[in-house]
Every structure is written in structure tokens, then in C-alpha cells.
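For reference, the structure is listed below as C-alpha cells.
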Amino acid sequence: MNFEEQFAHDATLTDELILVDGLDREIGTATKWQTHVDGALHRAFSVVLVRESENGPELLLAKRSLLKYHSGGLWANSCCSHPRVGEDTIDAAYRRVQEELGCTASSLHEIASFVYRVEFDNGLCEHEYDHVIVGQCSGELNLNPQEVSDARWIGFDDLAAELAHDAKQFAAWAPIVLTLVMKNATVS
């Protein structure tokens with residue numbers, strides 16, 4: 001079975017992504033599939049939902065579904081995706097939190113951005129200008145099994161220990177995103 005047959009269930013592979021230069025200026029569009037085959041730099045976002053608990057701040061990790069076209073079965077930030085052509089990145093983040101996690105996000109705001117590139121064993125390449133967005137959620141989680149197989153809240157100290165001792169259980173971008181959040185996020 002070839003890659004396209006294996007992931008034929010993923011209708012999002014034909015979505016148009018926003019190609020950008022190193023300063024996040026739009027330079028064109030391409031399908032999600034072609035973008036990841038070519039390794040083209042494109043706009044993306046990583047959402048981290050945070051909350052205050054009796055033991056201090058916690059953030060929500062999501063385990064990527066095994067159905068994902070890369071990094072399936074690995075832990076990552078709460079939600080990650082790409083804005084649609086003509087869609088504001090924060091608006092896209094609100095939409096995707098609902099689509100992936102089934103909860104309602106609030107107070108989403110960008111705290112940082114960075115560029116990364118990683119090549120996967122299946123021949124695809126993720127090359128993203130990633131906007132790191134933090135906020136809160138309300139309501140119960142209702143995970144979309146096409147996107148997320150599990151989710152858990154974790155304290156900053158426990159997460160830092162996991163990142164230091166077992167980083168291979170995380171998607172390639174997750175340690176960068178999660179470290180930025182632990183250094184820069186405030187829970188209100």
C-alpha cells in the first residue's frame with residue numbers, strides 16, 4: 001500500500017496551506033500533501049491550553065492519533081494545525097481546538113513563534129513557521145479520534161522531567177513549544 005492509499009481517509013491532505021518566507025510573509029499556497037512532500041515552509045500554529053490547579057499550573061498534552069500522516073502515537077501540545085487561506089491564525093486556533101478536542105477555547109493569544117524543519121521516515125517533511133498560542137478551555141474534552149487518541153493534564157515540573165528523560169515520546173516540535181510555554185505563559 002502506498003502512502004496516499006494508507007492515508008486516503010485524511011480529507012485534509014487536499015487543504016490549501018499558506019506558504020511563507022522566513023519572516024512569515026505569504027508567498028503562495030500549496031496542498032497539504034504537496035507541502036509536506038516538498039518540505040515547503042508554511043504557516044502553522046501550536047496551541048497549548050493551560051489551567052491553574054491546586055498544585056500549580058498545568059497544561060494539556062494531546063497524544064496524536066495513529067491515523068495521522070506523521071508523528072502518530074506521540075505526545076504533543078494540546079492542538080496543532082494550519083490556518084486556512086484567508087483565515088486569521090488565532091481564529092484558526094479557536095476552530096481547531098473545537099474540532100480536535102471538543103472543548104471551547106478562551107483567551108487565546110500568541111506568545112512566540114519559531115521555524116523548524118524535520119524529515120520523517122515516511123518521506124514527508126514538516127517545515128513550519130509555527131505560532132505558539134496559549135489559552136484556556138472550558139467544557140469536557142470530546143476527543144476527535146482522527147486527530148487525538150488521548151489527552152492529559154500535566155504540571156510544569158513533571159513535564160520538564162519527562163522532556164529531559166524521555167523526549168522521544170514527543171513529536172519533534174513539542175519540546176520547543178512546551179518549553180516556550182513553561183517559560184512565558186501566565187495562567188489567569
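Side notes on the structure shown:
This table checks each residue for (1) within 26 Å of Ala92 (Cβ to Cβ); (2) of a type in the set (Lys, Arg); (3) free of Cβ contacts under 8 Å to residues at least 60 places away in the same chain.
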{"site": "Val134", "(1), (2), (3)": "yes, no, no"}
{"site": "Gly139", "(1), (2), (3)": "yes, no, yes"}
{"site": "Pro145", "(1), (2), (3)": "yes, no, no"}
{"site": "Gly155", "(1), (2), (3)": "no, no, no"}
{"site": "Ala167", "(1), (2), (3)": "no, no, yes"}
{"site": "Trp173", "(1), (2), (3)": "yes, no, no"}
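- Residues (out of contact with any helix residue (DSSP H, G or I) (no Cβ under 8 Å at 6 or more places or on another chain), on the phi < 0 side of the Ramachandran plot and of a type outside the set (Asp, Glu)) located in region 81-104: Val85, Thr89, Ile90, Ala92, Ala93, Tyr94, Arg95, Arg96, Val97, Gln98, Leu101
- Qualifying residues in region 128-155 (those that are touching a helix residue (DSSP H, G or I) at 6+ places or on another chain (Cβ under 8 Å) and more than 17 Å from Leu180 (Cβ to Cβ)) - the one surrounded by the most Cβ atoms within 10 Å (Cβ to Cβ): Cys137
Where a number appears in this text, it was derived from the coordinates with a stated rule and is not lab data. Just so it is clear, the model here is predicted, and its values are computed rather than measured. In this analysis, Cβ positions are derived from the backbone assuming ideal geometry, glycine residues included, and neighbour counts consider all displayed protein chains.
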